[in-house]
Structures are given as C-alpha cells and as structure tokens.
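The block underneath contains the structure these notes are about, expressed in structure tokens.
The values are calculated or read from the model by the stated rules, or taken from the named source; none is laboratory data. In this text, all values refer to a predicted model and were calculated from it rather than measured experimentally. A quick note on method: Cβ atoms are made from the backbone with ideal geometry, for glycine too, and the neighbour counts reach across all protein chains shown. We work out accessible area using only protein heavy atoms, side chains counted, and drop any ligands, DNA or RNA first. Shrake-Rupley method; radii C 1.70, N 1.55, O 1.52, S 1.80 Å.
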Amino acid sequence: MEEASRVKAPLPLRPLKLIIMSATLRVSDFVENSRLFPAAPPPVLKVEARQYPVSIHFARKTAVAPHA
C-alpha cells in the first residue's frame, strides 16, 4: 500500500513548436493576436524561396450547398 500512495512528479511542460506555411496568411494579423499569444508575440522565421503572385478573390455571399 505504501508504494501505491507514492505519486510521480509531473513531467515539465515543453513549449509547443509549430510551423505554419501559407501563401495568403497575413503574418502581422497572426503574430499580433493577443488572444493567441497573451504574453508576447512569437518569433517569426522568414525563409526566402520562390514566390508566385497571389490574387485574393472573395464573394460577398457564399453559395450554400443543400445537405444530403
């Protein structure tokens, strides 16, 4: 019973490392979001590579497909 009462110490939390790759992400909007990053903005690493022009298109109304 004595052995069962021993509790292991919790493992230390390691920070989450996340890589986001997107042609259309506005980095400033993402990094400056205080709800996602309340303490401080995360570091951003920019890797130069081939870049192609990106056009942004949107419709004021989105067509709703009927549910099957």
Within the accessible area of the chain (1.4 Å probe), percent carbon and sulfur: 60
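Give the accessible surface of the chain per residue, rounded to a whole number of Å², with probe radius 1.4 Å and ligands, DNA and RNA excluded. Walk me through the numbers on the way to the answer.
Numbers: 8140 Å² over 68 residues.
Per-residue value: 120 Å².
Please get the size of the charge dipole for the chain, origin at its Cα centre, with Cβ charges of +1 on Lys and Arg and -1 on Asp and Glu, quoted in debye to the nearest 20.
Numbers: 10 positive and 5 negative charges, 50 e Å.
That gives the chain a dipole magnitude of about 240 debye.
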